[in-house]
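In what follows, a structure is listed as structure tokens, so that the remarks can point back to it.
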């Protein structure tokens, strides 16, 4: 028996409203401060860095165990596309059983951005390789042999923004000192004498140390702490003992990542009888669709340390 058209329309409208409400309540995934957002016209398609495959969070329908095996996730590599959604068999439209799927629909926008955040961290952690592309100078974002020139015009071939130091106050100073000394090919200091605004991203192994370094007004042995509020900081659970320093005082074009966004996330409903899943199997799909591209940009204003 074909699905009642009015019932199907009600399901689609309900899910779209549920999705839109959830999308409006999303918090910023935390990537914006690190990226320069470009339009599709600003970057050639062959320069876009494709994501590595990392599974997204699966939506959960709480207290509805029978539906868990119906939740689906698909990743289309090569087009920077992520589709996350749920599928509902035709028989579940009857008796209003479809309402049990609303919690899953509500979770889709958040899962989309969580997957995006996880991909951002993956590119960050592997920034000392060329697995996801290179910085603007053709080398890994984090490297020990970035080139520049000194004030006399002599080539410098060993500028580093990659360290192997554990997180301590002295090591943070060393990394900051290295960032201050970075020179461009023109021989000028990358940041000149402009005011710097440091931000430190750390793994959970360094949380207590960061509190001591940046939040304590006085040193344990007495005297004021010279690094008190010297940097804002945040913890990313995925980083473990890795830590990164960024200069957020630079213009947006100096940020370490370029982000290209073309659409989404938006609600999708695959309910047409022409769809093979609907025609052959009576399966209707609802979810979130969108795409983006993320590539490395400027290495001069960021540093990584991996003990």
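Here are a few things to note about the model shown:
- When the residues of region 252-278 are filtered to those that are more than 20 Å from the chain's Cα centre (by Cα) and over 24 Å from residue 23 (Cα atoms), the one that is surrounded by the most Cβ atoms within 10 Å (Cβ to Cβ) is 278.
- Subset of region 191-229 [within 26 Å of the chain's Cα centre (by Cα) and within 22 Å of residue 299 (Cβ to Cβ)]: 191, 196, 197, 198, 199, 200, 201, 202, 203
- Output for region 187-196, where each listed residue is touching a strand residue (DSSP E or B) at 6+ places or on another chain (Cβ under 7 Å) and farther than 17 Å from residue 304 by Cβ: 187, 189, 191, 196
- Within region 27-47, considering residues that are outside any helix (DSSP H, G or I) and either modelled with pLDDT under 55 or out of contact with any strand residue (DSSP E or B) (no Cβ under 9 Å at 6 or more places or on another chain) (or both), the one nearest to residue 117 (Cα to Cα): 29
Residues checked against (1) at pLDDT 75 or above; (2) buried (at least 18 other Cβ atoms within 10 Å of the Cβ); (3) closer than 30 Å to residue 187 by Cβ:
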{"position": "78", "(1), (2), (3)": "no, no, no"}
{"position": "85", "(1), (2), (3)": "no, yes, no"}
{"position": "94", "(1), (2), (3)": "no, no, no"}
{"position": "99", "(1), (2), (3)": "yes, no, no"}
{"position": "112", "(1), (2), (3)": "no, yes, no"}
{"position": "129", "(1), (2), (3)": "yes, no, yes"}
{"position": "139", "(1), (2), (3)": "yes, no, yes"}
{"position": "143", "(1), (2), (3)": "yes, yes, yes"}
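- Selection count, region 158-191, where residues are part of a strand (DSSP E or B) and touching a residue at least 12 places away in the same chain (Cβ under 8 Å): 5
- One residue stands out among those in region 236-249 that are outside any helix (DSSP H, G or I) and either more than 20 Å from the chain's Cα centre (by Cα) or surrounded by fewer than 15 Cβ atoms within 10 Å (Cβ to Cβ) (or both): the one that is modelled with the highest pLDDT, which is 241.
- Yes/no for residue 105 being over 22 Å from residue 254 (Cβ atoms) and either in contact (Cβ under 8 Å) with a residue 60 or more places away in the chain or touching a strand residue (DSSP E or B) at 6+ places or on another chain (Cβ under 6 Å) (or both): yes
- Residues within region 213-237 that are in contact (Cβ under 8 Å) with a residue 24 or more places away in the chain and within 15 Å of residue 171 (Cβ to Cβ), tallied: 5
- When residue 173 is tested against (1) under 26 Å from the mean Cα position of the chain (by Cα); (2) on the phi < 0 side of the Ramachandran plot, just one condition goes unmet, and that condition is (1).
Conditions (1) in contact with a helix residue (DSSP H, G or I) (Cβ under 7 Å, 6 or more places away or on another chain); (2) touching a residue at least 24 places away in the same chain (Cβ under 8 Å); (3) part of a helix (DSSP H, G or I), marked per residue:
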site: 206; (1), (2), (3): no, yes, yes
site: 253; (1), (2), (3): no, yes, yes
site: 259; (1), (2), (3): no, yes, no
site: 272; (1), (2), (3): yes, no, no
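- Looking across region 192-204, the residues that are touching a residue at least 40 places away in the same chain (Cβ under 8 Å), assigned to a loop (DSSP other than H, G, I, E, B) and surrounded by fewer than 19 Cβ atoms within 10 Å (Cβ to Cβ) come down to 194, 195, 196, 197.
The values are calculated or read from the model by the stated rules, or taken from the named source; none is laboratory data. From a predicted model like this one, the values you see are computed outputs, not experimental measurements. Using ideal geometry, Cβ is built from the backbone for each residue, glycine included, and neighbour counts are taken over all protein chains shown.
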